Amino acid sequence: MTPLVAKFMLMALVLLSSSISQITMSESSICDSKCEVRCSKAGMHDRCIKYCGICCEECQCVPSGTYGNKDECPCYRDKKNSKGTSKCP
């Protein structure tokens, strides 16, 4: 492999990884802001943010409001923990 081809491939890899990280970060910030609203009145705010973030990353949605409205996001609604209760706040 020539040095020019190697440099080109390295640049392409760097640009691709940069794009992927920006997409991931933008999804994360969307989840962060939606979960902040969802958990704004939660008694255990940190725990609510944690589980809401997990559910948002997997489902790509968070129901509106601070409680209920889970029919807006069936994936979020249907996630269960090991005890069989709702995983998502």
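The values are calculated or read from the model by the stated rules, or taken from the named source; none is laboratory data. This is a predicted model, so every value here is computed, not measured. Backbone-built Cβ (ideal geometry, glycine too); neighbour counts: all protein chains shown. The area values use the complete protein model at the heavy-atom level, side chains included, leaving out ligands, DNA and RNA. Shrake-Rupley method; radii C 1.70, N 1.55, O 1.52, S 1.80 Å.
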| message | For the structure I just gave you, tell me whether Val62 is of a type in the set (Val, Ile, Thr) and at pLDDT 95 or above. | response | yes
| Any idea which residue in the range 46-80 is most open to solvent (accessible area, probe 1.4 Å), counting only those that are basic (Lys, Arg) and out of contact with any helix residue (DSSP H, G or I) (no Cβ under 7 Å at 6 or more places or on another chain)? | Arg47
| Of the residues that sit in the range 29-45 and are assigned to a loop (DSSP other than H, G, I, E, B) and surrounded by 13 or more Cβ atoms within 10 Å (Cβ to Cβ), which one is farthest from the chain's Cα centre (by Cα)? | Ala42
